[in-house]
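*Asks:* Before we start, here is the structure in question, set down as structure tokens.
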Amino acid sequence: MRQLTISLILCCAFAGTSLGAEFDVLIRGGIVVDGTGSPGQVADVGIVGDRIAAVGDLSDASAELEIEAKGRHVAPGFIDLHNHADRNIGRNPDVANYLFQGVTSILTGNCGMSPADVGQWFDDVGEKGVGPNVAILIGHNAVRREVMGNEDRAPTEDEQRRMEALVHEAMEQGTFGMSTGLTYLPGTYSETEEIIGLASVVSEWDGLYASHMRSEFSGIGDAIDEAIRIGEEAGVPVHISHFKVADNAMWGQSTMTLGKVSDARKAGLDVTVDQYPYTAASTGLTNLIPAWARAGSREDFQARLDDPEMRARIKTEVIDILNGPRAAGDLSRVTIASYKRFPEYVGKTLAEVTELRGYEPTIPNGAEVAMELLYEARGSAIYHMMTEEDVRRIMQSPFTAIASDGSAVDFDSGVPHLRNYGAFPRVLRRYVVEEKLLTLEEAIHKMTLMPADRIGLHDRGRIAAGLVADVVVFDLERVRDFDDWAKPHRYAEGFDYVFVAGQAVIADGKQTGARPGRLLRKTDFAEQSPAH
């Protein structure tokens, strides 16, 4: 691990700064937690333009903006490795729900979901400007759907080549790697060899393979083995998304799952994971339906539900899903997060919706209601399906980064997962201050330098002279998320200042409206382009 001794460091390359010179921003006397995991130390931080110009004793200096940070902490801006803002950042370019968490950079395009044309997406997002920095992965599902639709079959040789060409084009345009969502359509229909071929293209660009694995339930062991095999055979680093044990039959098995990753690392393979700090997940209601039943178009799915024999087969499998990983036999473990057809269902449990539809809230009746809902429209849900024991064990692992799996949500719309507003402050409040599961330095490292190193952001993730001034100032005693599933739309508190590239996006705890975020392209960070 790179170590940084915080002392007086003046960087004359930045606007000719020298001892006693003016800074644009001067953060005085805060406890600097630099991102490396080293103990925090009291120091001043001077910013000129978009860079950290000096760290140390700057008592003789002055600045246009001076912040008295005594008793507060100063850290690198947090980096969220698992985000889905690519799908709605156009509506919410400030991404305020993350700025208030101290997040200054997000990696989108996860779980196999991304725009197929990344170049156009960069152009569209760049027109409005963004609050935080934004990077993206190319999604396997997007690539496969572009070439093959939602077909449940292997690609032809020509289709495989076309998918590989799309991945190559995306890497050329600046994506940081490829993601898969192997429980989602159409990625769930792919075989391992298909993904190895695509990941090999990513390897040529020194990119990352990030995977929402094929199973987080009873098949999780095999799914981890598959992810590791893809990395080994394609020659690409592997990052396993939202690492969890989400099956009541598997609760407590995080020892086994972490052991598989640890063994791979000991064998010399480059494998890491990320985690959001909750025992609930959130995804589409469609995940209550077996994948085979959703192949093809929406009309194909509805036709299967209209067929009595097929419907009975689907219902049997939905019952198994509700009795097992998604609800552990309890419909109250599933909460409707969004459903435009009947907005009155939002915020209610599947048990309550089942009763509203005139059924007793049994598992078979819940399966019937789930099929009815998905026949009529799409929606999403929150699934309470993990245990604190596994969450804590995964969080303590040295190869686990903190992430959110959230998005640039529409404020006050629906009842989204709390992670959209509270993932990072929750770690600080609950697992650092209250439970002391992590030290503050460990937690900050998992939010800053670890994710920066994972995707090669060499100019971020630390408090050090010469790096981009993505900096947060927070009061640890006041940092908090709001742990209220019924009222998720509340910004986190305690982050008094958040700077992105030297510009304040949060000042005195209030949003400034500035959009200094940059569109991060891997091609701008790569030491060299691939050989062709």
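*Asks:* Taking the Cα centre of the chain as origin and charging only Cβ (+1 Lys, Arg; -1 Asp, Glu), how large is the dipole, in debye to the nearest 20?
*Replies:* Numbers: 52 positive and 79 negative charges, 160 e Å.
It works out to roughly 760 debye.
*Asks:* If the only charges are +1 at each Lys and Arg Cβ and -1 at each Asp and Glu Cβ, what is the size of the charge dipole of the stretch 72-124 around the Cα centre, to the nearest 20 debye?
*Replies:* About 280 debye.
*Asks:* Now for a separate question. Per-residue HN-Hα couplings for the stretch 35-40, Karplus 6.51 cos²θ - 1.76 cosθ + 1.60 at θ = phi - 60°, whole Hz, x for Gly and Pro?
*Replies:* Coupling constants for the stretch 35-40: x, 7, x, 5, x, x Hz.
*Asks:* At 25 °C and 0.890 mPa s, what whole-number value in µm²/s does Stokes-Einstein give for the translational diffusion of the chain, with Rh from the Kirkwood sum over Cα pairs?
*Replies:* Estimated via Stokes-Einstein, D reaches 103 µm²/s.
*Asks:* Taking N as the number of residues in the stretch 135-238, what value does Rg over Cα atoms divided by 2.2 N^0.38 Å take? Walk me through the numbers on the way to the answer.
*Replies:* On the way: Rg = 12.5 Å, N = 104, 2.2 N^0.38 = 12.8 Å.
This ratio for the stretch 135-238 stands at 0.97.
*Asks:* For the stretch 138-150, just list the computed ³J(HN,Hα) in residue order, Karplus coefficients 6.51, -1.76 and 1.60, θ = phi - 60°, integers in Hz, with x standing in for Gly and Pro.
*Replies:* Using θ = phi - 60°, the values come out as 8, x, 4, 4, 5, 5, 5, 5, 4, 9, 10, x, 9 Hz.
*Asks:* So, one more: Rounding to the nearest 20 debye, state how big the charge dipole of the stretch 409-532 is about its Cα centre with +1 on each Lys and Arg Cβ and -1 on each Asp and Glu Cβ.
*Replies:* In debye, rounded to 20, the stretch 409-532 gives about 260.
*Asks:* Angle between the Cα long axis of helix 363-376 and the longest principal axis of the chain, 0 to 90 degrees, nearest 10?
*Replies:* Compared with the principal axis, the helix lies near 80 degrees.
*Asks:* Report, ordered by chain and residue number, the aspartates and glutamates lying within cross-link reach of K70, taken as a straight Cα distance under 17 Å and ignoring same-chain residues fewer than 8 apart.
*Replies:* By straight Cα distance, K70 reaches D34, D44, D57, D60, D475, E477, D496, D508.
*Asks:* Show me the ranking of peptides 81-93, 334-346 by mean Cβ neighbours inside 10 Å, starting with the highest.
*Replies:* On the way: 81-93: 21.5, 334-346: 18.2.
Put in order of decreasing packing, that is 81-93, 334-346.
*Asks:* Give the lysines reachable from K522 as a straight Cα distance under 22 Å; neighbours fewer than 8 places away on the same chain don't count.
*Replies:* Those lysines meeting the cut-off are K128, K446.
*Asks:* In whole Hz and in residue order, list the ³J(HN,Hα) couplings for the stretch 497-502 that follow from phi through the Karplus curve 6.51 cos²θ - 1.76 cosθ + 1.60, θ = phi - 60°; x for Gly and Pro.
*Replies:* For the stretch 497-502, the Karplus-derived couplings read 9, 10, 10, 10, 6, x Hz, x marking Gly and Pro.
*Asks:* Please list the non-local residues whose amide H lies under 5 Å from the amide H of N133, H modeled 1.01 Å from N, same-chain partners needing a gap of 5 or more.
*Replies:* S105, I106, R518
*Asks:* Which percent of the accessible area of the chain is formed by carbon and sulfur heavy atoms (probe 1.4 angstrom)? Write down the numbers at each step before the final one.
*Replies:* On the way: 9220 of 19750 Å².
That share works out to 47 percent.
*Asks:* Just report the Cα centroid separation between the stretch 439-509 and the stretch 277-349, whole Å.
*Replies:* Between the Cα centre of the stretch 439-509 and that of the stretch 277-349, the gap is 36 Å.
*Asks:* Next question. Ranked highest first by the average count of other Cβ atoms within 10 Å around their residues, in what order do 137-149, 388-400, 436-448 fall?
*Replies:* 137-149, 436-448, 388-400
*Asks:* Something else: What fraction of the Cα pairs in the stretch 49-141, stated in percent, has a spacing above 23 angstrom?
*Replies:* Tail fraction, whole percent: 39.
*Asks:* Also: Which net charge results for the neighbourhood of S59, defined as the other residues with beta-carbon distances under 13 angstrom from its beta-carbon, given Lys and Arg at +1 and Asp and Glu at -1?
*Replies:* Values: positive: R28, K70; negative: D44, D57, D60, E66, E68.
Its environment carries a net charge of -3.
*Asks:* What accessible area per residue comes out for the chain, rounded to a whole number of Å², with a 1.4 Å probe?
*Replies:* 37
The values are calculated or read from the model by the stated rules, or taken from the named source; none is laboratory data. Note that the structure is predicted; figures quoted are calculated from it, not measured. When we count neighbours, we look across all protein chains shown, and the Cβ atoms used for this are built from the backbone with ideal geometry, even at glycine. Protein only, heavy atoms only, side chains kept; ligands, DNA and RNA dropped before computing areas. Shrake-Rupley method; radii C 1.70, N 1.55, O 1.52, S 1.80 Å.
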